[in-house]
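Engineer: Please see the structure below; I have some questions.
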Amino acid sequence: MEIAQGNDLYTEELTLNMGPQHPATHGVLRLVLRVDGEVVKDCIPHVGYLHRGVEKLSEFRSYPSVMPLTDRLDYISSMINNIGYCIAVERLMSIEVPMRAKYIRTVLAELTRISSHLLWLATHALDIGAMTVFLYCFREREYVLGLFEELIGARLTVSYPRIGGVRCDITEGFLEGVKSFIRDFPRHIREYETLIDQNRIWLQRTKGIGVISGEEALRWGLTGPTLRGSGVNYDVRKKAPYDAYDEIDFDVPIGKNGDVYDRYRCRMEELRQSVRIIEQCLDNMPQGDILAEEAPELDMNPKGHRVLEGEFSRWGASIAFTNEYATVPKGELYSAVEAPKGELGFYIVSDGTGRPYRLRLRAPSFVHASAIPRLCKGHMIADVIAVIGTIDIVMGECDR
Amino acid sequence: MTIRELIKRALFIEILQGLALTLRTFLSRPVTVQYPKEKRPVSSGFRGRHAMVRDGLTGKERCVACMKCAMVCPSQCIYIKYSGGEGGPRVLEKYEIEALRCIYCGYCVEVCPVNALVLTEHYEYAGHSREEFLFDRDRLLKNWDDFWAQKGGYFNKFWRPTGIDPKRLPVGKR
């Protein structure tokens, strides 16, 4: 019997379907991999399995009613989506938000960032093989979600902010909860680091994987910790401050090598910075109103919002409405916030009525998904999982 | 690589540290709640099953058919039919909430001028058919009775949100 030698050996590239129901693709992401042995030659991401038409739906709802839809974009950091949307509409309507509302929002945005990064760390570590980190992260994340529940009555889809402020004031119980959380949390961060920071398996799985230079990352449009891991100092909270971030002192952690490990380090440092921001916000929390005077009503007419003349009396006797509608100014506006995943942008086109003529979402996950082929080319199949984890995509936001 | 690093690598120091932490956690008190046997308390204002408040005086619902909840609902899952109006009071004929479409944002509770609608703290209401989740008026009132019997009182902080000037709320909410 002859055995084929050298050039006669028949090899073929294999096309492999990863997803859309793969547990490690963080949702319904489908990757078509072209593999040579175990080396990935090419990778085509297919998105759209979770498309719900949020942009189109929002064209048929008044501005306040669009907000619950933004909860469902990046459903693990829904508070920041809400805040980002509210800020965009506030800028469109030129509403000045009271200071107290700004500080409350900043605290909640950072709590959301912590909970989102904890979920990222948990699943990223689980995908690579560290089961214990997963359990520990969910322990703390549960606590943060419990705080949200105490504040607003929902754990994930919060719908807490309002255009022009927030829905209700924070309670004493919530404040105590946040204080005890930020007291304990640095210890928990050290726990996670004890488990994986120097672990040789973790280092071998993450160092030198998915390397991208800062310049190239910028050209791909990456933002957030994914970009900062490559050493580019870009953070919307610093470059275009919103809410209370311009009054608060915090650092933006920067990586060096642009590999999976550096992005991991960046996010871990961001957890610490978030604790720092929350501490400062709680110390300087001003008193006062939580909703701006000129904030639109929740039941704002899609044509515009109603102008009330006179006052509601105690007995409801002399209510006078004018038939005019104070409409939203016409124009276009782009406004961005720093979501845990990256720059979350809202581009609103207003035609003067009470609903957006067009709402375009710049979802960081969508942009990051396009960089998956670049990041995993030439690596092993197992590293594709590490790459998906490191860019931290959520398909709800990617497909919208 | 220095000698110290070499020793660290040879003795699996970082792995042992991790294992020590796992052992410490193993000996500490578990945080898991054994769900069907024990339940964690929900906080007040939790957004669960819908109910219509039964008025203590009239024994009927409080709804005045102002249509605000149906207008503001982002998933448009509230259907209201009324007769009357034009000078006289509106009479509610049909009030339905399709609970499977509801996204539990709580806008209907917040916008209601007479506090007629609540999202109760009851969250275990799985069913076998879709029809069970089309809550009509009687079902919504029954939900309220069940909740009232179970809880024996209700305080919803979103009927009158803290920190907002009461003057800005509708008359029925002050």
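The values are calculated or read from the model by the stated rules, or taken from the named source; none is laboratory data. As the structure is a computational prediction, the values presented were derived from the model and not from experiment. All Cβ positions, even for glycine, are placed from backbone atoms using ideal geometry, and neighbour counts span all protein chains on display. Ligands, DNA and RNA are stripped out before the accessible areas are found, and what is left, the full protein with its side chains, is counted by its heavy atoms. Shrake-Rupley method; radii C 1.70, N 1.55, O 1.52, S 1.80 Å.
Engineer: Other chains near A:149-161: what is the mean number of their Cβ atoms within 10 Å of each residue's Cβ?
Structural biologist: 5
Engineer: Per DSSP H run of n ≥ 4, the term is -39500 (n - 2.57); total these for chain A, divide by its residue number, and report the mean residue ellipticity at 222 nm rounded to 500 deg cm²/dmol. Walk me through the numbers before you get to the answer.
Structural biologist: On the way: 15 runs with 181 residues, N = 400.
That calculation yields -14000 deg cm²/dmol at 222 nm.
Engineer: Next up: Using Cα springs under 10 Å in a Gaussian network model of chain B, which residue among B:Glu124, B:Glu86, B:Glu14 shows the largest mean-square fluctuation?
Structural biologist: B:Glu14
Engineer: Can you tell me the relative contact order of chain A? Whole percent, Cα pairs under 8 Å, sequence separation 6 or more.
Structural biologist: Details: 768 pairs, mean separation 102.1, N = 400.
That works out to 26 percent.
Engineer: Excluding ligands and nucleic acids, what accessible area in Å² is computed for A:Met268 using a 1.4 Å probe, to the nearest 10?
Structural biologist: Accessible area, nearest 10 Å²: 0 Å².
Engineer: Where is the GNM fluctuation largest for chain B (alpha-carbon springs, 10 angstrom cutoff): B:Thr22, B:Thr32, B:Thr58?
Structural biologist: Ranking B:Thr22, B:Thr32, B:Thr58 by mean-square fluctuation puts B:Thr22 first.
Engineer: Using a probe radius of 1.4 Å on protein heavy atoms only, what is the accessible area buried between chains B and A, both sides summed, to the nearest 100 Å²?
Structural biologist: Accessible area lost upon association: around 3700 Å².
Engineer: By accessible area of protein heavy atoms, probe 1.4 Å, what ranking do A:Arg237, B:Arg137, A:Arg190 get, highest first?
Structural biologist: A:Arg190, B:Arg137, A:Arg237
Engineer: Two-decimal Rg/Rh of the protein assembly as shown from alpha-carbon positions, Kirkwood Rh?
Structural biologist: When Rh is taken as the Kirkwood radius, the ratio is 1.02.
Engineer: If the reach is capped at under 16 angstrom between alpha carbons, list the lysines near A:Lys41, excluding any in the same chain fewer than eight residues apart.
Structural biologist: Straight-distance partners of A:Lys41: A:Lys377.
Engineer: Still on this model: Suppose every K and R has +1 on its Cβ and every D and E has -1 on its Cβ; what is the size of the dipole of the protein assembly as shown about the Cα centre, in Debye to the nearest 20?
Structural biologist: Computed charge dipole of the protein assembly as shown: roughly 820 debye.
Engineer: Let me know the mean shielding of B:12-19 by other chains, meaning the per-residue number of their Cβ atoms within 10 Å of its Cβ. The partial results should precede the final answer.
Structural biologist: Numbers: counts 2, 1, 10, 5, 0, 5, 12, 2.
Counting other chains' Cβ atoms within 10 Å and averaging over B:12-19 gives 5.
Engineer: How far apart, in nanometres, would the label points at A:His51 and A:Ser370 be if each is projected 7 angstrom from Cα along the Cα-to-Cβ direction?
Structural biologist: Result for the modelled spin labels: 1.6 nm.
Engineer: With everything on Cα atoms, drop me the angle between helix A:172-196 and the longest principal axis of chain A, reported from 0 to 90° to the nearest 10.
Structural biologist: It works out to around 10 degrees.
Engineer: Another question, if that's okay. For B:22-35, what's the mean count of beta carbons from other chains sitting within 10 Å of each residue's beta carbon?
Structural biologist: That works out to 2 on average.
Engineer: Tilt of helix A:99-128 relative to the longest C-alpha principal axis of chain A, in degrees (0 to 90, nearest 10)?
Structural biologist: Once rounded, one gets 20 degrees.
Engineer: Roll a 1.4 Å probe over the protein heavy atoms and report the accessible area of A:Asp283 in Å², nearest 10.
Structural biologist: 130 Å²
Engineer: Something else now. Whenever you get a sec, line up A:Asp169, A:Asp36 from highest to lowest accessible area (probe 1.4 Å, protein heavy atoms).
Structural biologist: If we order A:Asp169, A:Asp36 from most to least accessible, we get A:Asp36, A:Asp169.
Engineer: Only Cα pairs under 8 Å and at least 6 apart count here; give the relative contact order of chain B as a rounded whole percent. Numbers along the way, then the final one.
Structural biologist: Details: 211 pairs, mean separation 42.8, N = 174.
Relative contact order here is 25 percent.
Engineer: Under a GNM of chain A (C-alpha, springs under 10 Å), which listed residue has the highest mean-square fluctuation: A:Glu294, A:Glu343, A:Glu140?
Structural biologist: Answer for the Gaussian network model of chain A: A:Glu294.
Engineer: Against the longest alpha carbon principal axis of chain A, how many degrees, from 0 to 90 and to the nearest 10, is the axis of helix A:381-391 turned?
Structural biologist: Around 20 degrees separate the two axes.
Engineer: Here's a follow-up. State the Cα centre-to-centre distance between the range A:342-369 and the range B:5-84 in whole Å.
Structural biologist: 29 Å
Engineer: Leaving ligands, DNA and RNA out of it, report the carbon-plus-sulfur percent of the accessible area of chain A at a 1.4 Å probe.
Structural biologist: Answer for chain A: carbon and sulfur cover 52 percent of the accessible area.
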